[in-house]
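Here, each number is a calculation from the coordinates, and none is a lab measurement. Nothing here was measured: the structure is a model prediction, and the numbers come from that model. Reconstructed Cβ throughout: ideal geometry from the backbone, glycine too, with neighbour counts over all protein chains shown.
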């Protein structure tokens, strides 16, 4: 124990004036009386105020001196020594990811972690400062370097646990930049050890401490995958399950379709077992499907997953071709596609369809048509005449064949475009392609090495058009795994949500943005989260192809509605699923140590810190002042309420 400001003890000299006030002699006028017996009280008072007499016991004097002593002690800032993980400039990284929701430590790991950070705040000594950083899929600075414990506690109290994965490498990089500003720095990681890959971190400019949260023997089961595909008898659901614990576990897998229970199946998983379950013959109208595995484990967040399927109106697709088994089969395998066929000579008009696929002919559609087009190998051929109908000059010039390209070599590919997602052109070879100009309304997705477009897409007069500049039979792309994915991407681009399959779609995790392809006439987009609250309308700029929505912190179903300039909804609402699906977060067995940049960190290394306790001393002094005031004005009698309670 000690004091930080010893000079404050000089205020103890104020006790002398208090004593002097009690020793002062009162000056009184002398009066002659017949007998002193009647003035005994007066004589006692005179004796008490005689100068330099021996002090008598006086309760008020004792209370006042004690009150002064407490105030002087508070001003001196007393402290006692406590052990803490770090001193000086302390940078705290608090893991707020999904695994911190585990309940192997009550009420949760995150609550325990916050309590540990609170102890670090209370243990800050004179000259110590602290920075608090929250670590999830992104790192967030909660409180910058300060010694104000009130601000630190307020920032800590505002932090809530998330549903995403912890990117501790990014958090440590941010902490290192803060710690590098001061020599006497320490980085304290408060986590359960589910922190991702830290191998790329090679240097930290500060000592590292690790405060572990959670139990190494924690058990957890999770749904690791959920996808729907179209089977012969109807939609099929694929469910991936995993037991991350060291003991066998039993539970019940329940499947709900559009909010109604569809099936329930008891299951048993062996230690560390992974399993896949197929649920057949779901309703053909199924739209939103959720799966739950109830097994009474330590983390409930990953026991539920969602997937979506387009179960509404079929996408009417017309294939105009004299025989192309590749594109016909790729379209026929897609769910929710209603495919019809006609040869090039028999085609007269598109009719009431959503998408037209023109194979080896130049498309002819009215200039005002909003029908989406997939054009494959456009060419003028006397044996394959173009369709009749009006078409504007811009559209006609887009398919003005300038010649042929023999054995074009695949060049730049726009891999980040929605049409090209997961479509690998690395091993594709083309024997012959049409030499086409790139329209001003389109963007090139695949070019040859000479800069000629082999695949391009864009919006024209309210319709989306994708053009493949070569005959599929003259290339190896139909033999690639990427081909059905490419066709699915094209159809989804032309009519967003058309394929209805979650099997080939990228999984969206909490914290990752949802990317939605825009309809040609879209002027604004509104997202709604699992809680049903709608976002503000997101405006759409001219030429924008897609919109991103980043507020996906909670797993569940998100809906998307697109509106035109008049506020009318375009087409149907889309539904998208956000799921945890993270081995890193579901593997909740806590790690007792953390190795970063050559340092093996743990909470075992402790330092002494000074914890002040002047605040409770002030509280006692205030209570003592109230007691002194009561005795001075009311004597030693108890308040009336206390007397009645005692009686």
**Prompt:** For the peptides 449-461, 161-173, 8-20, 194-206, what is the packing order when you average, over each peptide's residues, the other Cβ atoms within 10 Å and list the highest mean first?
**Reply:** 161-173, 449-461, 194-206, 8-20
**Request:** Rank by packing, highest mean first: peptides 67-74, 248-255, with packing defined as the count of other Cβ atoms within 10 Å averaged across residues.
**Result:** 67-74, 248-255
**For a label point 7 Å along the Cα-to-beta-carbon line of residue 207, residues of the range 88-117 with backbone N under 18 Å** = 88-93
**Asked** Most exposed first by the Cβ proxy, i.e. fewest other Cβ within 10 Å, how do 630, 614 rank?
**Response** 630, 614
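So for each of 355-361, 345-351, 572-578 I average, over its residues, the number of other beta carbons within 10 Å; can you give me the resulting order with the highest mean first?
355-361, 572-578, 345-351
Kindly identify the range 305-354 as rounded, prolate or oblate by the Cα gyration tensor criterion: order the square roots of the eigenvalues as a ≥ b ≥ c, call it rounded if a/c is under 1.5, otherwise compare a/b with b/c, prolate if a/b is larger, else oblate. It would help to have the intermediate numbers written out before the result.
Numbers: a/c = 5.46, a/b = 1.85, b/c = 2.95.
The shape class here is oblate.
Please give the length that would be gained between residue 401 and residue 5 if that part of the chain were fully extended, namely 0.36 nm times their separation in residues minus their C-alpha to C-alpha distance (nm, one decimal). Show your work: numbers first, answer last.
Numbers: separation 396, 0.36 × 396 = 142.56 nm, distance 8.95 nm.
Gain on stretching residue 401 to residue 5: 133.6 nm.
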**Item:** Cβ-Cβ FRET estimate between residue 333 and residue 427, R0 fixed at 22 Å, reported to 0.05
**Value:** 0.50
**Message:** Defining a contact as two alpha carbons under 8 Å apart and six or more residues distant in sequence, what relative contact order in percent does the range 221-302 show?
**Reply:** 37
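With an 8 Å cut-off on Cα pairs and a minimum separation of 6 or more residues, tell me the relative contact order of the range 162-251 in percent.
Across the range 162-251, relative contact order equals 22 percent.
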**Message:** Based only on other Cβ atoms within 10 Å, what is the fewest-to-most ordering of 62, 581?
**Reply:** 62, 581
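Output the relative contact order of the range 514-578, whole-number percent, from Cα pairs under 8 angstrom with separation of 6+ residues.
Numbers: 121 pairs, mean separation 24.4, N = 65.
RCO, the range 514-578: 38 percent.
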**Asked** residue 181 versus residue 633, label points 7 Å from Cα toward the beta carbon: distance in nm?
**Response** 5.1
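Need the full-extension length gain, residue 106 to residue 146, defined as separation in residues times 0.36 nm minus the C-alpha distance. One decimal, nm.
Values: separation 40, 0.36 × 40 = 14.40 nm, distance 3.03 nm.
So the extension gain works out to 11.4 nm.
Between residue 599 and residue 285, what length comes free when the chain is fully extended (0.36 nm per residue of separation minus the Cα-Cα distance, one decimal in nm)?
Details: separation 314, 0.36 × 314 = 113.04 nm, distance 5.61 nm.
Gain in length upon complete extension: 107.4 nm.
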**Request:** First check a/c for the range 184-256, with a ≥ b ≥ c the square roots of the eigenvalues of its C-alpha gyration tensor; if it is under 1.5, answer rounded, and if not, answer prolate when a/b is larger than b/c or oblate otherwise.
**Result:** prolate
**Message:** Please compute the modelled spin-label separation between residue 474 and residue 535, points set 7 Å along Cα→Cβ, answer in nm with one decimal.
**Reply:** 4.3
**Asked** Among rounded, prolate and oblate, which fits the range 510-589 when a ≥ b ≥ c are the square roots of the eigenvalues of its C-alpha gyration tensor, a/c under 1.5 means rounded, and a/b larger than b/c means prolate?
**Response** prolate
